Every structure is written in structure tokens, then in C-alpha cells.
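The values are calculated or read from the model by the stated rules, or taken from the named source; none is laboratory data. Only a predicted model underlies this, so the values are computations on that prediction, with no experimental measurement involved. When we count neighbours, we look across all protein chains shown, and the Cβ atoms used for this are built from the backbone with ideal geometry, even at glycine. Keep in mind that these areas ignore ligands, DNA and RNA; they rest on the heavy atoms of the full protein, side chains included. Shrake-Rupley method; radii C 1.70, N 1.55, O 1.52, S 1.80 Å.
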Amino acid sequence: MSPVDENISETSVVDKLFVSVEGKLMRRLMLALWLVMGMVFLAISTLTAIWPNFLSNVVISTLGAFLLVAVGLTIVAFKLLKEYQPPMIHFLLSLFLIAFSGVVFLFFPNHGLEIPALEGDVTPQLATISLFFIVTFATVWTGLLFYWENPAHNRQLAVQYFTWVSVAIPLGVLTFFIVYTIMEGSSVITWDFISSASDLMRGEIGIFPAIMGTFSLIIGATVFAVPLGVGAAIFLTEYAKRGWIKQAVGVTADCLWSTPSIVFGLFGYVFLVPRITGHSTLLAGQIILAAMLLPLTIATSTEAITAVPDEFRNGSLALGASKWWTIRRVVLPSSVPSIVTGVLLGVGRIAGETAPIMLIAVASHTNAPNFFSLSPPYFHLGPLFSEVDALPYRLYSIYKAGVGGSIHEAWGTAMVLIALVLMFYGLGISIRSYYRRNRGW
Amino acid sequence: MVPLTKGKTNLREIREKEKIDISTEAAVEIRNLDVYYGKERAIKNVSLDILKKKVTSLIGPSGCGKSTLLRSINRMNDLVDGARVEGTIAVDDRDIYSKDVQVSKLRQKVGQVFQKPNPFPKSVYDNIAFGPRAYRHHLRKEKGVFSSFKGIFRREERSPIDGRPMDQVVRDSLEQAALLDEIEEKLHESAIDLSGGQQQRLCIARCLATKPEIILMDEPTSSLDPISAGRIEDLIEELSQEYTVLIVTHNMQQAARISDRTALLWLGELIEMGKTEALFEKPEKEMTEKYITGRVG
Ligand SMILES: Nc1ncnc2c1ncn2[C@@H]1O[C@H](COP(=O)(O)OP(=O)(O)O)[C@@H](O)[C@H]1O
Ligand SMILES: [Mg+2]
């Protein structure tokens, strides 16, 4: 008996099923399916070539056919070779599939920004949907085929394949977002664009007020949310003995975190705005964003504090330190990096929120909030009680209402916003990795 | 053994009044101690004295309650959910479980070194200054926030325990723990980067900085290599000139090497306690003989 056979005899019921007769049948059916689909696509593209209205974009169908033939051939080749395949091939294959779906998407019939009703020319929509299904299908089946061909041998391969796919998809999407935004937006990025306000009389566009507005919003939100959140986490982990309190707060935090952000905005609009000034204010925005940030702060702080080993607490208490001193001098310093990371990730998220602040805090073409002045009293709280502009809102108003700039300025704004958010993420991640290396436990 | 009166703070006064012979030798007196974890009785009616400026070792098989007994002397058992202590433990003639005892002061006086070295992720200096600084925090709580205001303007930080400059406290503690020569240059570097043996000696130094009278050690060498362990053993012998040391070990050779007196615990009960040589050479109880010759345990 060959080693492979031995392995098979030890495999699970599922494995047995697929290497059995039925399994072989399944694989043949699969291949047949591939061939049929390939032919259908070929037929579609041929038909399109002859009769252009059959499908509005020839490129897609041709590429689709190529894809299917390529994947089919790869699989047949693997089947014929029956050798160990280096995992790189899987990666390339998955990259190819993903890149292909991206290309198809870009070349797809573009209806402009109007949302077309599903009447008249239905084919493009159907084709889009079916294409995504086919690509997903192809990706998954390729992986499964690797496995079924020889479960004992290729289990690793299948796992690697899926790992690569799941790494490649988000990476590809992210790269695409960033590259595309830079391509579209970099042309308008100038020092003036970033550092000055719009001057409508002269037709100059600047997003300085929006940048400052976004900063004021997130700084305020952090100032409100962090002490509360960290305090709650300390109480939960170090003091609350009874499990149900912890659970109740945990569940509440989770619910808050998954509450749609527009609902936060609505509550702010109904309960907060009338009690502050009656119109949109920076303060209302800060409070509502703080409420959104709070659950994440509680969750990450709780996790960070729980991760501090009890040995530190015992060491401190055994030296005669009180509980509060132990928390302040041992527990918190050890968990600060994780807390900061969590908060920064949360800040990255709320920085881009439009829905909650739309109703309660922002307006286009406001001035940058100015808390400081060169003459007494040097510091003003006034801006807290007036409207601000914010990057995501600026973006929204350009796209939706054509207010505050052209589409290029919108991409420029998006670029600044993405840079800001990535900056927070980058900061969070580097703080975390720095302290991970240095904390020694 | 001298009987103790439970719940009364100053046992010495009571004993003087009742004209009971006062034992001055014992740093810790334990009488009829029972410790429960929930329903489980981990220590069963143990009575023993731990003599001043001597090394006492606690031996016995795993799970016999050595750590439990040790932890009840500095009330670290208070932190365990469901732990309950009955009986009396007196340190300096005071019943440490009576209501008016301040646990933090007790723990400053009765230091503990743990099985696994647990330096804080701070600098060596801050690790050693930790105890005195925590003590200052207590003083502040007792005397009000403003009590330490004049300290702010003083240039050098002083230990509130003995009033010496903190720099000196740190150096002396390290010196006493035989660590100063090795890490003199690294006082302000992270304690986490030290070797395991150095970390454990740092923990001993950290404990010495609070000027304890008694040092409890729970298997302090079991996570170290033989050479580091040997250095700790030497250190313990040094320390016994000035301090009372209670060490838990399951290494009988170690107990024989370093301790003056040895106690054998078995399933929560005290089997035998006496001079180390006597206990190892001619044990009184059959059980002890069986254990030290390795026939049970
Ligand atoms: N935190 C705890 N909670 C419940 N039971 C405990 C706890 N610590 C120890 N015990 C129990 O008490 C007994 C003695 O344990 P311990 O003092 O750790 O023994 P040793 O240090 O001699 O190995 C054991 O049976 C153990 O299961
Ligand atoms: Mg133990």
C-alpha cells in the first residue's frame, strides 16, 4: 500500500465520501459543469460579436470565456499532472480571478451616477451579478477540487489556497480604493486646497474648515468617551465581582456598537440639539460621536485590562500597595498601549462617519472652528456652539448636491479623508507593535 | 507554645496581663489555623512558630497546602474568591486577622517573593521604588493630600518608610540582593530585559526596599536554572542574618541546605516541625521518614 492510500484509509467519513465512487462522480459533474459554463460564455460572446445589442459589452464576455477556459485548463492540467503543486500557483490563480473580476467591473457598462431602474436593458445587471457568482464559484470550487483530488495530500494545499484567497481579496480591494482615489484626487491636492477655506466669489475651493471640523469632532469625542470608557472597563474588570453586571454591560456595549449610526444621529437630533442651541452644533456632534466611540472603548479597554497578568497585580498588592494604586501604577500602564490602539481604530471609524453628524453638527461653508485668539481671552468656547464642516460631509454634499466643488475636489477630499483615517490606523498599529515587542509578556 | 487570644490586637499586652510566658523568639505564631476554599479545607488545624532571623522551610507534596499557608501570613488569601481563614496568626504579637489591622502595612512588613519572577514592566529603579511609593500613597490617604506638599519642593525623592533618599534605598536593596554589581549600569532600563535569575533577585530587592521583617518565598527557584537557583540560595542564607525567611520548596535537598528549621505538611496537616538536621536525620514520625526517603509523595 502506498503511503497515500494509508492516509486515505484513516481519513474521515467526508473524505471517504469524496474519494469514493460518488466522489469521483461529483468531480466529473464538476468538470462537466465547467465545460458547459465555458461554452455558454463562449456562445454569449460569439453572439454578442455578431449581434452587438445582445450584450452591451463584448469585452466582458470574451474575458469571461477566457477565464473559464483558463481555470478549466488549469484544473485539467493539475488533474493530469497529479503532482505536488507549489502553493504559489494557487495564489496566482486567485489573484488572477480577483483581478479579472475587478477588470470586468471597470469595463462594465457605465450608467453614470443615476441609479437605473431595472427595466429596459436588463442584461448588464444580470451579467454583473452572474459574473460575481461565477467568480466566487470558480474560486471556491478550485479550492475544493484541490482537496477532493487527494484529501490526504492536498488538505494543506486547499487550506493554503483559501488562506491566500482571503488575504488577496481585502488586500486587492483596499489597494484598488487607495490607488483609484489617488489617481482621481491627486490633481486637486495643493497647499491652498488643504490650508484655506473656499472662496466662492473667486471660485476657489479649499477644505481647511472641513479638516479642522473633523479634527474638532474626533478630539471632542475622544475626550468624552475615553475617560468614561476606561473607567467603565476598570470597574467591570477590577471591581464588579458579580458576573451578571459584566455581562449586562458587555451586551449593552455590543448593542451600542452595532446600532446604525444614523440612529445615533436621530437621537442626537431629537434629544440633544434642542437642549443645546436648537441648531446644529459641534458640541452635539462630539457628544454623539463619543456615544458611538464608547462601546469600542469599553470593549478594547476591558480586553486590555483582562490581558494584564495577575502576577503583576499580586506582586503589587504583596508590596502593600492598595488596589487603586495597583490599578493606576501597574494595570493601567501595562494596558495603555492596547487601549490607545483600540481607541485609535475607533477614531479612524468615527472620523469617516457622515450619517450621525449630518443632522446635528455640520453645515457646508462654515469657517474653521477657532478656539484660540491672540487677544484676551485667548481661548473661546464659542465654536462648540456653532456648526462645523467635516470631511465626510463635504464629500457627501459634493456628490449628492453638487455643493462645494466639482467631482475632482470630491476625490481630493476623499483622499485627505482616507489619509487621515489611515494615519490613525497606522499610528494605532505601530503603537501596538512597538509595545508588543517591548512589554515582554 | 504560647496560647493566643483571637481578635485582640495586642497579644503581648494581654499576655503580660495574664502573666503568660512571652515568646520573643517567634516572628510569626500560627495557632489552630484552618483555611477553606469554599467547602474544601486546605489547611487543617495547623499550629506552628516561625522563629526570628531563621530560615524556615515548608516541604510537602504538591497540593498539600504550602502556598495556602504562606499566603495566609500576608493575607494574600483575601484576594482568592471563597477563601476563608479560621484560627489565629500573630505577627509581632498582633493578630493579623483582627479588624484594626491594615492589610497594606502588614504586607509591607511581610514581603513575598513569587514562584515565577514578576518584575513590573518598568525600569529597575521604578520596580524597587514601587513599594516605598505605594507606602507614601497610604500616608497621603491617612494624613490628607496636603501632607506631602513639602515633599514636592524637595530635590531628591525620599522613601517614606525610613526617610532615606530613594536612590540610596534602591542601591542598598540591590546590593543586599547581590544584584548591584551586575546591573549598576542598567538602573533605568526595563526590568523585563533581565535574565530570569536576575529578575528573581530584583523581586527580592523590590521586597527588601519596603524594609520587611519577614520574607515569604513560594518556590522561588523552581523556574530558574541550577546556577541562578544556587545564587538565590546563597542570597537566602545571607538574608537570614537580618530577616525572618519562610520558604516553600518541594526540593528536599534545598530545604536541607538552606534552612534552620523545616516543617512537613501533608494534605493540609502539619506532620512534623523541627530543626532541619534533626528532621532529616532522625524524624520522629514515620510519615516524615517515608516522605524524605521518597517512599510516598
Ligand atoms: N485559589 C484556589 N481556589 C480553590 N482552591 C485552591 C486554590 N488554591 C489552592 N487550592 C486548593 O488548596 C489545596 C492546597 O493548594 P496549595 O496551597 O496551592 O498547595 P501547594 O502549594 O502545597 O502545592 C489544593 O487542594 C488546591 O486545590
Ligand atoms: Mg504551591
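In table form, for the structure just shown:
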| read-out | value |
| --- | --- |
| Pair list, Cβ < 7 Å and 6+ apart or interchain, from segment A:183-207 residues that are under 20 Å from A:Val362 (Cα atoms) to residues that are of a type in the set (Asp, Glu) and assigned to a strand (DSSP E or B) | A:Ser198/A:Glu204 |
| Residue match in segment B:51-58 (condition: more than 18 Å from B:Val113 (Cα to Cα), open to solvent by less than 40 Å² (accessible area, probe 1.4 Å) and in contact (Cβ under 8 Å) with a residue 12 or more places away in the chain) | yes |
| Qualifying residue in segment A:415-432 (condition: free of Cβ contacts under 8 Å to residues at least 12 places away in the same chain, out of contact with any strand residue (DSSP E or B) (no Cβ under 6 Å at 6 or more places or on another chain), in a loop (DSSP other than H, G, I, E, B) and surrounded by fewer than 13 Cβ atoms within 10 Å (Cβ to Cβ)) | no |
| Condition check for B:Arg201: away from chain A (no Cβ under 13 Å) and buried (at least 20 other Cβ atoms within 10 Å of the Cβ) | yes |
| Single match in B:Ser57, B:Ser72 (criterion: modelled with pLDDT of 90 or more and more than 12 Å from ligand 1 (Cβ to nearest atom)) | B:Ser57 |
| Verdict on B:Ile215 being within 16 Å of ligand 1 (Cβ to nearest atom), open to solvent by less than 20 Å² (accessible area, probe 1.4 Å), closer than 18 Å to B:Leu51 by Cα and not in a helix (DSSP H, G or I) | no |
| Qualifying residue in segment B:242-250 (condition: open to solvent by 60 Å² or more (accessible area, probe 1.4 Å) and away from ligand 1 (no atom under 16 Å from the Cβ)) | yes |
| Selection from segment B:218-241 of residues that are open to solvent by 30 Å² or more (accessible area, probe 1.4 Å) and assigned to a helix (DSSP H, G or I) | B:Pro226, B:Ile227, B:Arg231, B:Asp234, B:Glu237, B:Glu238 |
| Selection status of A:Thr366, open to solvent by 20 Å² or more (accessible area, probe 1.4 Å) and of a type in the set (Val, Ile, Thr) | yes |
| Residues of segment B:52-71 classified as of a type in the set (S, T, N, Q) and within 11 Å of ligand 2 (Cβ to nearest atom), total | 3 |
| Counted residues, segment B:75-114 - those being of a type in the set (S, T, N, Q) and within 15 Å of ligand 2 (Cβ to nearest atom) | 2 |
| Qualifying residue in segment B:242-263 (condition: touching a Phe, Trp or Tyr at 6+ places or on another chain (Cβ under 9 Å), closer than 18 Å to B:Lys54 by Cα and within 16 Å of ligand 2 (Cβ to nearest atom)) | yes |
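One line per residue, one yes/no per condition, for (1) within 14 Å of chain B (Cβ to nearest Cβ); (2) open to solvent by 20 Å² or more (accessible area, probe 1.4 Å); (3) out of contact with any Asp or Glu (no Cβ under 7 Å at 6 or more places or on another chain); (4) part of a helix (DSSP H, G or I):
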residue	(1), (2), (3), (4)
A:Gln286	no, no, yes, yes
A:Glu311	yes, yes, yes, yes
A:Asn314	yes, yes, yes, yes
A:Trp325	yes, no, yes, yes
A:Val330	yes, no, yes, yes
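Per-residue answers, yes or no, for (1) assigned to a loop (DSSP other than H, G, I, E, B); (2) within 11 Å of chain A (Cβ to nearest Cβ); (3) closer than 14 Å to A:Arg313 by Cα; (4) in contact with a Ser or Thr (Cβ under 9 Å, 6 or more places away or on another chain):
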site: B:Ser62; (1), (2), (3), (4): yes, no, no, no
site: B:Gly87; (1), (2), (3), (4): no, no, no, yes
site: B:Ala90; (1), (2), (3), (4): no, no, no, no
site: B:Asp100; (1), (2), (3), (4): yes, no, no, yes
site: B:Gln112; (1), (2), (3), (4): no, yes, yes, no
site: B:Lys116; (1), (2), (3), (4): yes, yes, yes, yes
site: B:Tyr125; (1), (2), (3), (4): no, no, no, no
site: B:Phe130; (1), (2), (3), (4): no, yes, yes, yes
